[in-house]
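This report refers to the structure that appears directly beneath it.
Every read-out reported here was derived from the displayed coordinates using simple, explicitly stated rules and does not represent laboratory data. Just so it is clear, the model here is predicted, and its values are computed rather than measured. As a convention, Cβ positions derive from the backbone with ideal geometry for all residues, glycine included, and neighbour counts pool all protein chains shown.
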Amino acid sequence: MTDVILVLNAGSSSIKFRAYYVEGDVADGELGLGLHGQVEALFSAPHFIAYDQHGAQVGEKHWGDGAKLSHEDGIQTISDFLTSHRGDSRLIAVGHRVVHGGEKFAKSVLATPQVLDELDKLTPLAPLHQPHNLKPIRIVAAMHPHLPQVACFDTAFHRSQAELAQAFALPESITSRGVRRYGFHGLSYEYIAQALPDFSARAAAGRTIVAHLGNGASMCAMQAGRSVASTMGFTAVDGLPMGTRCGSLDPGVILYLLEELKMDAHAIEDLIYKESGLLGVSGVSGDMRKLLASDAPRARFAIDLYAYRIGREIGSLAAALQGLDALVFTAGIGENSAEVRRRAAQQAAWLGIELDGAANDAGGPRISTPSSNVEVWTIPTDEELMIARHTQAVIGTL
Ligand code: ADP
C-alpha cells in the first residue's frame, strides 16, 4: 500500500489539489506527483479537471454557466474523485497553503483547532486570502477528524529577515500590534532556494534576487538561500504592481481617497486589490498574455510601468544585499514571458546584467551571457511540492 500526501491550495474561487506518493519512509521518502487538478470558477461556471502523473486527463466535470459550488462542494468533488481512483493507496495527511502565519508561526504546523483559532485572528491582515485558506482545513477535519493536516505559510520563509528589514517607521504603540513587514510567496521562494544548487553554486551561496511574477507578484532578496528582504510588506498588496493589485502606494493616496473622494474602506480595498495593477492601468486586462497581444497604448504603458517597477525594486533589493550575483525569474509571467524578462533585465542593465537573447527566447534555464556580471535564470516554481515537503516533515515528527 502506498502512502499519499494530499496538498490543497485554496483561493477565493478555486481549489487546486495535488496528490504525492511517498516512496519509502514517511518522514524522508521521495515525493512523486500523482493525481492532480483543480476545481475553478466555483461561483460562476464551476469546472473540475484532473490529470494523472503523466499529465493525461483522467477526470472532468462542468456544472454550467451561472452554477455555484461552495468550497465544501468543491472539496467533496475532489474527495470523491480521489476515493474512486484510490487504487492501492492510503491518504496519510493533507497539507494546506495558508497565506499568513503572523509573528508566531515561523514554521509549518499541525493544524489543530487551537491553531486554526489563532490563524483566524490574522484574517484582517490578509482578508482576501486567509479565510479561503482556512476553510478547507475545517471541511477536511469534519470529513476525517483523525487525519493530520498541516498549515504551511507564505510568510514563514521571511522570518529570517533582520528586524530592520521588517520594520515600519511607525510609533511602537502601532508596531507592537504586529504592524510590520511580513513578506509573502515564501513557499515559492523556499522551493527556489532549495532548487538553486542544482542550477548554480554561485546563486545558491551568494546574493540572489528571485522575481515571482504571477497574478500576484513580488521579489525576494536572498543571501545564501535565506530571505533578507522582500517587496511585499504587511499585506500582499505592497511592492510590485500585479494583475489587479496596485503594489506600493503613497499612504497619502489612501487619505485622499477617504477624505476627498469619500470612498469607504471597502471601496478602497476593492480598488487596490481588484481594480488596479495591470488591469487598472491598461483598462484592458490583468492578464499579461492579453496585454502583450494588445496594441492599445494603455496596454503598452501598463507593461512599461510593470518592467520599470521591477527594475526599481531590483535596485532596492540589490542595495539590501550590498551587491548582486544572480537574478531568477519564476511563476506564470517570469517563467513564460521572454519579453517581460527582457524588459525587466533592461531596466537593471546598470548592474551589469546582460541577457543572452536567444537563450531568453528559448526559455533558459540560464538566460544571461557568459560575460554578464550577474547570472540570470528562469526556474519553474513548485509551491505545492514545497507544501508536501513541509507536511511530510511535520507528520514525520508525530
Ligand atoms: P497565480 O499567481 O494565480 O498562480 P500564475 O503564476 O499562473 O498565477 O501567473 C499568471 C500570469 O502569468 C498571468 O498574468 C498570465 O497571463 C501570465 N502568463 C502565463 N503564461 C504566459 C506567457 N506565455 N506569456 C506571458 N504571460 C504569461
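Where does each of 229-240, 264-275, 340-351 land if you order them by average Cβ count within 10 Å, highest first? Please report the intermediate quantities before stating the final value.
Working: 229-240: 23.8, 264-275: 14.3, 340-351: 19.2.
The packing order, highest mean first, is 229-240, 340-351, 264-275.
How much of the DSSP bridge set in the chain is antiparallel, in percent, rounded to the nearest 5?
On the way: 41 of 62 bridges.
Once the DSSP bridges in the chain are tallied, antiparallel ones form about 65 percent.
Rounded to the nearest 20 debye, what is the charge dipole size of the range 49-110 about its Cα centre when +1 sits on each Lys and Arg Cβ and -1 on each Asp and Glu Cβ?
The dipole magnitude comes to about 320 debye.
May I ask you to list the chymotrypsin sites (Phe, Trp or Tyr not before Pro) in the range 1-46 that are in a DSSP loop and have at most 16 other Cβ atoms within 10 Å of their Cβ?
Working: sites: Phe17, Tyr20, Tyr21, Phe43; in loops: Phe43.
Loop-located and lightly packed - Phe43.
Which whole-number percent gives the relative contact order of the chain, counting Cα pairs below 8 Å spaced six or more residues apart?
Relative contact order of the chain: 15 percent.
Hey, what angle do you get for helix 383-396 against the long axis of the chain, alpha-carbon based, 0 to 90 degrees rounded to 10?
Between the helix axis and the principal axis of the chain, the angle is about 50 degrees.
Helix 186-199: angle to the longest alpha-carbon principal axis of the chain, degrees 0 to 90, nearest 10?
Compared with the principal axis, the helix lies near 80 degrees.
Starting with the highest mean, order 322-335, 370-383 by the number of other Cβ atoms within 10 Å, averaged over the residues of each peptide.
Numbers: 322-335: 21.9, 370-383: 19.4.
Per-residue mean Cβ counts within 10 Å order the peptides as 322-335, 370-383.
May I ask for the angle, rounded to the nearest 10°, between helix 71-84 and the longest principal axis of the chain, with both axes built from Cα atoms and the value confined to 0 to 90°?
60 degrees
What does the charge dipole of the range 151-194 about its Cα centre add up to, to the nearest 20 debye, if the Cβ of each Lys and Arg holds +1 and the Cβ of each Asp and Glu holds -1?
Details: 4 positive and 4 negative charges, 19 e Å.
I would put it at about 100 debye.
In whole Å, largest first, what are the principal axis extents of the Cα atoms in the chain?
57, 55, 47 Å, listed from the longest principal axis down.
Calculate how many DSSP beta bridges within the range 46-164 are antiparallel, expressed in % of all such bridges and rounded to the nearest 5. Please list the in-between numbers first.
Numbers: 7 of 12 bridges.
Around 60 percent of the beta bridges assigned by DSSP in the range 46-164 are antiparallel ones.
Once the cut-off is 18 Å, how many percent of the Cα-Cα pairs in the range 240-323 end up in the long-distance tail? Mind dumping the intermediate values first?
On the way: 1765 of 3486 pairs.
For the range 240-323, the fraction of Cα-Cα distances above 18 Å is 51 percent.
In percent, how large is the relative contact order of the range 34-102, given Cα pairs closer than 8 Å and 6 or more residues apart? Provide the component values of the computation, followed by the final result.
Details: 79 pairs, mean separation 17.0, N = 69.
Relative contact order of the range 34-102: 25 percent.
List the trypsin sites (Lys or Arg not before Pro) in the range 1-66 that DSSP assigns to loop (not H, G, I, E or B) and whose Cβ has at most 16 other Cβ atoms within 10 Å. Which are they? Numbers along the way, then the final one.
Values: sites: Lys16, Arg18, Lys61; in loops: none.
Answer by residue number: there is no such site.
With unit charges on the beta carbons (Lys and Arg positive, Asp and Glu negative) and the dipole taken about the Cα centre of the chain, which residue among Val98, Ala388, Ser227 sits farthest to the positive side?
Ser227
Using all Cα-Cα distances in the range 20-148, what percent lands in each 10 angstrom bin from 0 up to the longest?
Pair shares across the bins are 11, 35, 37, 17, 1.
Below 13 angstrom from the Cβ of Thr231, what's the summed charge of the other residues (Lys, Arg +1; Asp, Glu -1)? Intermediate results must be reported in sequence, preceding the final value.
Details: positive: Arg181, Arg245, Arg309, Arg312; negative: Asp238, Glu313.
Result for the neighbourhood of Thr231: +2.
Quote the charge dipole size of the range 97-164 about the Cα centre in Debye, to the nearest 20; the model charges only the Cβ of Lys and Arg (+1) and of Asp and Glu (-1).
Numbers: 7 positive and 6 negative charges, 36 e Å.
My answer is approximately 180 debye.
When only Cα pairs under 8 Å and 6 or more residues apart are kept, what is the percent relative contact order across the range 11-51? Please list the in-between numbers first.
Numbers: 66 pairs, mean separation 15.4, N = 41.
Normalised by residue count, the contact order of the range 11-51 is 38 percent.
Highest first, please rank the peptides 156-166, 109-119 by the mean number of other Cβ atoms sitting within 10 Å of their residues.
Details: 156-166: 17.5, 109-119: 15.7.
Top of the packing list down: 156-166, 109-119.
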